[in-house]
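The values are calculated or read from the model by the stated rules, or taken from the named source; none is laboratory data. As the structure is a computational prediction, the values presented were derived from the model and not from experiment. Counting neighbours? That spans all protein chains shown, and the Cβs are built from the backbone with ideal geometry, glycine included.
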Amino acid sequence: METEVPVSEALVDTAPQVSPAQSVMDLERAHLLQNYSRYPLVLARGKGCWVYDLEGRRYLDLITGIGVNALGHAHPRIVKVIRQQAGLMVHSSNLYYHRYQGELAKRLTAMSGLDRAFFCNSGTEAVEGALKMVHSHGRTLEPEKYEIVSLDNSFHGRSMGALSVTGQPKYRADFEPLIPGVKFVPPNDVAALEAAFSPRTAGMILEMIQGEGGIYPLTPEFAAKARELADRYNALLVADETQCGVGRPGVYFAYQLSQPVIMPDVVVAAKPVACGLPLGFILANEKAAAAIRPGMHGTTFGGGPLACRVGLEFIDVLDELMPSIRRMGTYFLDRLQHLASKHAVIKQVRGFGLMLGVELNVPGKQLVLDGIGRGLLFNCTHDNVLRFLPPYIVTEKEVDRAIGILDRLIAKA
Ligand SMILES: Cc1ncc(COP(=O)(O)O)c(C=O)c1O
């Protein structure tokens with residue numbers, strides 16, 4: 001039986017005083033799965049390209065929740081739409097129609113050149129649906145046609161299916177055996193790609209710019225060969241644009257960077273499309289879409305009226321911002337290249353539009369921590385690639401400020 005504590009005594013706090021930020025971190029440590037190793041920063045709010053911690057200190061946000069907050073924080077048009085729609089209907093399920101899925105599908109198919117859309121909640125879920133599409137496409141043709149070609153160094157998510165095509169042993173090792181029949185090929189190795197395809201290949205998945213792998217773009221020759229082989233073997237070519245898509249590279253989708261455009265059969269994406277609300281999607285041409293028939297796939301939450309309406313507003317704003325994404329992408333890249341010419345510790349600067357990576361000769365984690373200390377947020381992927389996914393509204397002044405901080409941090413590295 002519990003002993004009753006007199007109220008006055010219960011209110012006397014005898015524990016040593018900890019800061020509000022420390023108590024947030026302690027509470028998590030006590031109650032959450034310990035799968036994340038977070039940076040020691042507790043965020044409270046954001047406005048534009050800036051976020052604020054619990055104590056009110058501000059930070060220039062050039063990682064945007066890993067590429068999600070593309071319009072920055074508390075964008076007035078997004079706040080307005082969320083407020084309006086939240087008062088009408090947040091969720092309806094896919095048992096019924098609402099007016100925004102069809103409208104958003106029409107916009108996204110026009111932007112991509114594909115025919116049909118499916119909405120879900122995340123990049124992983126979109127990849128998962130695309131893998132089902134590939135498997136079903138193959139099985140309809142031949143019982144043994146289920147192999148998938150993927151790339152070394154890729155990242156497609158953490159579900160068992162998405163992990164099966166993720167070409168990084170560190171993510172896969174603890175979960176083997178995964179889905180069989182996946183062949184990994186080094187990116188940009190045309191001969192290896194050719195050798196991996198066979199009549200058993202049902203599809204290939206690739207990121208036109210590998211994101212988590214360290215901002216590595218595929219060459220147009222390699223992507224064109226992937227298209228040619230997919231055609232030759234009647235396999236589906238899936239472009240995972242979760243990180244490199246929806247405006248970030250200065251075009252709607254990264255496969256549109258090459259001329260002529262190398263059209264995939266299927267596109268998956270997520271991150272920025274609903275400005276922080278969970279929304280992912282699959283876009284498919286008629287041939288790929290035919291592989292998913294009634295009852296074969298679905299979701300409870302995916303494509304709700306709130307997320308889809310925000311997605312529509314995002315695309316309207318995106319169209320206005322596209323010239324600025326290109327201009328600021330070039331500006332940021334030039335400034336980073338100038339840093340590289342000053343600091344031998346920078347090995348290479350890579351990327352397109354507002355998806356940029358700075359490869360160092362040394363580990364980058366300490367730089368990320370020092371950046372937080374100086375009010376600048378970015379992250380480090382693959383141990384030594386500083387990754388910048390700035391908001392699409394970033395200005396020259398903000399880039400200059402980031403470059404000034406980076407200059408000092410890198411000089412110390
Ligand atoms: C290319 C790519 N695919 C899939 C995913 C998984 O997306 P999510 O974390 O939304 O499930 C990511 C996440 O970073 C990604 O970069």
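Annotations for the structure displayed:
- Scanning segment 280-314 for residues being of a type outside the set (Phe, Trp, Tyr) and outside any loop (DSSP other than H, G, I, E, B) gives a total of 17.
- Top-ranked residue in segment 191-207 [being more than 10 Å from the ligand (Cβ to nearest atom) and hydrophobic (A, V, I, L, M, F, W, C); ranked as farthest from residue 128 (Cα to Cα)]: 191
- Restricting segment 18-37 to residues that are surrounded by 10 or more Cβ atoms within 10 Å (Cβ to Cβ) and part of a loop (DSSP other than H, G, I, E, B), the residue that is modelled with the highest pLDDT is 32.
- Scanning segment 268-285 for residues that are more than 11 Å from the chain's Cα centre (by Cα) and within 16 Å of residue 239 (Cα to Cα), we see that the one that is farthest from the ligand (Cβ to nearest atom) is 285.
- Taking the criterion of being among the aromatic types (Phe, Trp, Tyr) and either assigned to a strand (DSSP E or B) or surrounded by 16 or more Cβ atoms within 10 Å (Cβ to Cβ) (or both), the residues of segment 38-69 that qualify are 50, 52, 59.
- In the set (1) closer than 23 Å to residue 385 by Cα; (2) touching a residue at least 24 places away in the same chain (Cβ under 8 Å); (3) touching a helix residue (DSSP H, G or I) at 6+ places or on another chain (Cβ under 7 Å); (4) among the aromatic types (Phe, Trp, Tyr), residue 119 fails one condition alone, (1).
- Residue count, segment 56-101 (criterion: aliphatic (A, V, I, L, M), touching a residue at least 12 places away in the same chain (Cβ under 8 Å), out of contact with any Pro (no Cβ under 7 Å at 6 or more places or on another chain) and closer than 30 Å to residue 20 by Cα): 6
- Check on residue 167, within 16 Å of the ligand (Cβ to nearest atom), modelled with pLDDT of 95 or more, of a type in the set (Gly, Ala, Ser) and over 19 Å from residue 67 (Cβ atoms): yes
- Leading residue by the ranking (surrounded by the fewest Cβ atoms within 10 Å (Cβ to Cβ)) among those in segment 227-241 that are touching a Leu at 6+ places or on another chain (Cβ under 9 Å), among the aliphatic types (A, V, I, L, M) and within 17 Å of residue 284 (Cα to Cα): 230
- Some residue of segment 123-144 being among the hydrophobic types (A, V, I, L, M, F, W, C) and either farther than 21 Å from residue 244 by Cβ or in the same structural domain as residue 358 (by TED's automatic domain parsing) (or both): yes
- Per the listing 306, 236, 321, the residue uniquely away from the ligand (no atom under 16 Å from the Cβ), touching a Phe, Trp or Tyr at 6+ places or on another chain (Cβ under 6 Å) and not charged (D, E, K, R) is 321.
Yes or no, residue by residue, for (1) touching a residue at least 24 places away in the same chain (Cβ under 8 Å); (2) more than 30 Å from residue 42 (Cβ to Cβ); (3) surrounded by fewer than 17 Cβ atoms within 10 Å (Cβ to Cβ):
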{"position": "296", "(1), (2), (3)": "yes, yes, yes"}
{"position": "327", "(1), (2), (3)": "no, yes, yes"}
{"position": "349", "(1), (2), (3)": "no, yes, no"}
{"position": "365", "(1), (2), (3)": "no, no, yes"}
{"position": "380", "(1), (2), (3)": "no, no, no"}
{"position": "383", "(1), (2), (3)": "no, no, yes"}
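- Residue in segment 151-161 that is away from the ligand (no atom under 15 Å from the Cβ) and either under 21 Å from residue 274 (Cβ atoms) or assigned by TED's automatic domain parsing to the domain that holds residue 292 (or both) present: no
- Answer from 116, 99 - the residue that is basic (Lys, Arg) and in contact with a Leu (Cβ under 8 Å, 6 or more places away or on another chain): 116
- Scanning segment 87-114 for residues that are more than 21 Å from residue 237 (Cα to Cα) and of a type in the set (Val, Ile, Thr) turns up just one, 90.
- Being within 24 Å of residue 323 (Cα to Cα), in contact (Cβ under 8 Å) with a residue 24 or more places away in the chain and among the aromatic types (Phe, Trp, Tyr) is a description that applies to residue 252.
- Of all residues in segment 157-176 being of a type in the set (Gly, Ala, Ser) and touching a residue at least 12 places away in the same chain (Cβ under 8 Å), the one that is surrounded by the fewest Cβ atoms within 10 Å (Cβ to Cβ): 159
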